[in-house]
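Colleague: Take a look at the following structure, please.
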Amino acid sequence: MQKATHLLATDLDGTLVGNKESLLMLLDFYKEQTYKVSLIYITGRHYKSALSLIKEENLPVPDVLITDVGTAIYSGHSLQEDLEWKQRLEQSWVPKHIEVIANGLQGLTSQNLPVTNRCSYYATDAAVVETLRETLEKAEIPHKLIYSGGRDVDILPMESGKGQALQYILDKYQLNNAKLLVAGDSGNDIEMLTMGFPSVIVGNAQAELLEQAEHSFVYRATKEYAAGIHEAWQHFYKE
Ligand code: GLC
Ligand code: MG
């Protein structure tokens, strides 16, 4: 990973995954290049769920797998958990306290995840999400709240998130000079798409992403899913 020259840091559901034909086309395109493109998957799924998706969709095993909206990182051949990241996030993380607050609000349903590194809920009413945000702030609980797809509410440790996890990996493996493309389709991708790296919002993106302000480094693809990534790769890195 240290010597990677080209990197694709991509969300899975709705971005790399969603159209099999486009996915094969993108992977073939990368194989034809004279350089190797290293892969970083950055997903909202938890580890086991991400692995099932990788298997089901026959995705290449990535060099780095970032799960749980940037709250857990796995790397190397056997995808070992990055304990430095884990410990860093645990410092000011109080999931039990957050659960008590969320349980006291109507309109939030727990996602019942097998992890404690984030607290995730379903909510269809944006007003409930705002109440949750205010209550957490009033209680001075360090956190990051992300609402995506009009359905998923993720409460994460303050120092985490898809963008911060990506930056941690770029620093750790000294990849800040590599040619990088960041790709996403929904609200939990906003942080990593707006860090200033060449980025793409794929054509099928959720409204919450399409409504974001324009940035010169964010390319809005007309094509969907992996074909949108291919379109953006050519936009930024055509040789
Ligand atoms: C994925 C995860 C879910 C999370 C959502 C948004 O769908 O499975 O737990 O809330 O992404 O980040
Ligand atoms: Mg997605």
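Colleague: Go through (1) touching a residue at least 12 places away in the same chain (Cβ under 8 Å); (2) surrounded by fewer than 18 Cβ atoms within 10 Å (Cβ to Cβ) and name the single condition GLY44 misses.
Modeller: Among (1) touching a residue at least 12 places away in the same chain (Cβ under 8 Å); (2) surrounded by fewer than 18 Cβ atoms within 10 Å (Cβ to Cβ), the lone unmet condition for GLY44 is (2).
Colleague: Filter the range 3-31 down to the residues that are outside any loop (DSSP other than H, G, I, E, B) and basic (Lys, Arg), then identify the one that is farthest from ligand 2 (Cβ to nearest atom).
Modeller: LYS31
Colleague: Restricting to the range 13-31, name every residue that is at positive phi and touching a strand residue (DSSP E or B) at 6+ places or on another chain (Cβ under 8 Å).
Modeller: None - no residue of the range 13-31 is at positive phi and touching a strand residue (DSSP E or B) at 6+ places or on another chain (Cβ under 8 Å), so the list stays empty.
Listed here are the residues, each with its yes/no results for (1) closer than 29 Å to LYS3 by Cβ; (2) within 16 Å of ligand 2 (Cβ to nearest atom); (3) outside the structural domain of GLY14 (by TED's automatic domain parsing); (4) buried (at least 19 other Cβ atoms within 10 Å of the Cβ).
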position	(1), (2), (3), (4)
ILE146	no, yes, yes, yes
LYS172	yes, no, no, no
ASN176	yes, no, no, no
ALA183	yes, yes, no, yes
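Colleague: If you don't mind, there's one more thing I want to ask. Taking GLY163 as the residue in question, decide whether it is under 16 Å from the mean Cα position of the chain (by Cα) and modelled with pLDDT under 95.
Modeller: no
Colleague: With respect to GLU159, determine if the residue is within 16 Å of ligand 1 (Cβ to nearest atom) and buried (at least 16 other Cβ atoms within 10 Å of the Cβ).
Modeller: No: the conditions fail for GLU159.
Colleague: If you scan the range 47-61, which residues turn out to be free of Cβ contacts under 8 Å to residues at least 24 places away in the same chain, surrounded by 14 or more Cβ atoms within 10 Å (Cβ to Cβ) and not in a helix (DSSP H, G or I)?
Modeller: Residues satisfying the conditions do not exist here.
Colleague: Working carefully through the options LEU16, LEU39, LEU27, find the one that is surrounded by fewer than 23 Cβ atoms within 10 Å (Cβ to Cβ), under 27 Å from ASP154 (Cα atoms) and not β-branched (Val, Ile, Thr).
Modeller: LEU39
The values are calculated or read from the model by the stated rules, or taken from the named source; none is laboratory data. Quantities reported herein were computed from a predicted structural model and do not represent experimental measurements. Neighbour counts run over all protein chains shown; Cβ positions are idealised from the backbone, glycine included.
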